[in-house]
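Colleague: Just passing along the structure, written as structure tokens.
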Amino acid sequence: MKWKTLSSEYIFYDTWLKARKDVCQRPDGKIIEDYYVMEYMTWVTGVGITTENKVVMIRQYRHALGVSCFETPGGCVDDTDADLETAIRREMLEETGYQFETAEYLGNTSPNPSTNNNLMHLFLLQGGKRLQEQQLDHNEEIEVLLFTIPEVLKMMDNNEIIQSMHMTGLLLAFKKLGIIQYSVPE
């Protein structure tokens, strides 16, 4: 089912986003003209649990939707990050001021595999303690909030967390912690 890329042309090229137009050929020979791909950096996000068993959440304005959203902390993997765990630990410290004893990889998810070429890697971080003030980027305005696990579950049920990749991280983290359970039918 894999397509062959016949040509590729960047139509926009910037630090945070690169957009390209591909011409592709399907295995049956059909040519797909003008297939647009958005290239983004690799992302990380984490469900951080403090030593008091609170979930570290953030709220920030998201201009594309024009709303302030509840989210899990995270961001882009930098060239200076040794690995994905280093990236999520750095992002958690920068955005929230919290450092965590453990970080467990939960997997990855795609924001939109039909148009985006990147993945978001998901982590469960435990044993969090606030060590410092936030160190935000010039365009970031982030409110740090602590919630109990039942409060976060209620937010999830009430559709108050709309970022789908962050919802995936919360579901995987709460499954790992035994807070929610599901099983595959036999």
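Each value in this text was obtained by applying a stated rule to the coordinates, not by laboratory testing. Just so it is clear, the structure is predicted and the values come from calculations on it, not from any experiment. With ideal geometry, Cβ positions are generated from the backbone for all residues, glycine too; neighbour counts draw on all protein chains shown.
Colleague: Mind checking the log10 I(q)/I(0) for the chain at q = 0.15 Å⁻¹? Debye, one equal scatterer per Cα, no solvent, two decimals.
Modeller: So the normalised log intensities work out to -0.93.
Colleague: Could you list the GluC sites (Glu not before Pro) in the stretch 1-71 that lie in coil according to DSSP, counting only those with at most 12 other Cβ atoms within 10 Å of their Cβ?
Modeller: Glu52
Colleague: On to the next question. Neighbour counts of other C-beta atoms within 10 Å: give me Trp43, Trp16, Trp3 arranged from fewest to most.
Modeller: Arranged by neighbour count, lowest to highest, Trp43, Trp16, Trp3 become Trp16, Trp3, Trp43.
Colleague: Calculate the dipole size of the stretch 73-182 relative to its Cα centre from +1 charges on Lys and Arg beta carbons and -1 charges on Asp and Glu beta carbons; express the result in debye to the nearest 20. Don't skip to the answer; put the middle values down first.
Modeller: On the way: 7 positive and 18 negative charges, 119 e Å.
Using Cβ point charges on Lys, Arg, Asp and Glu, the stretch 73-182 gives about 580 debye.
Colleague: What's the tally of Lys pairs in the chain whose alpha-carbon atoms lie under 18 angstrom apart, where the two lysines are 8 or more places apart or on different chains?
Modeller: 10
Colleague: Now, a different point. If you average the alpha carbon positions of the stretch 24-98 and of the stretch 112-137, how far apart do those two centres end up, in angstrom?
Modeller: Cα centres, the stretch 24-98 to the stretch 112-137: 6 Å.
Colleague: Among Lys18, Lys2, Lys154, what is the fewest-to-most ranking by other Cβ atoms within 10 Å?
Modeller: With the sparsest Cβ surroundings first, the list reads Lys2, Lys154, Lys18.
Colleague: Which of the three applies to the stretch 1-79, rounded, prolate or oblate, going by the alpha-carbon gyration tensor with a ≥ b ≥ c and a/c under 1.5 meaning rounded? Intermediate results must be reported in sequence, preceding the final value.
Modeller: Details: a/c = 3.04, a/b = 2.42, b/c = 1.26.
Judged from the Cα gyration tensor, the stretch 1-79 comes out prolate (a/c at least 1.5, a/b above b/c).
Colleague: Classify the stretch 38-98 as rounded, prolate or oblate, taking a ≥ b ≥ c as the square roots of the eigenvalues of its Cα gyration tensor: rounded when a/c is under 1.5, otherwise prolate if a/b is larger than b/c and oblate if not. Display every interim value, and only then the final one.
Modeller: Details: a/c = 2.45, a/b = 1.02, b/c = 2.40.
Oblate, because a/c is 1.5 or more while a/b does not exceed b/c.
Colleague: Run lengths n ≥ 4 of DSSP H only: what is the helix-derived mean residue ellipticity at 222 nm for the chain, with -39500 (n - 2.57) per run over all residues, to the nearest 500?
Modeller: Rounded to the nearest 500, the figure is -6000 deg cm²/dmol.
Colleague: Further question on the same structure: Magnitude of the Cβ-charge dipole of the chain, K/R +1 and D/E -1, about the Cα centre, nearest 20 debye?
Modeller: Charge dipole, the chain, about its Cα centre: 540 debye, nearest 20.
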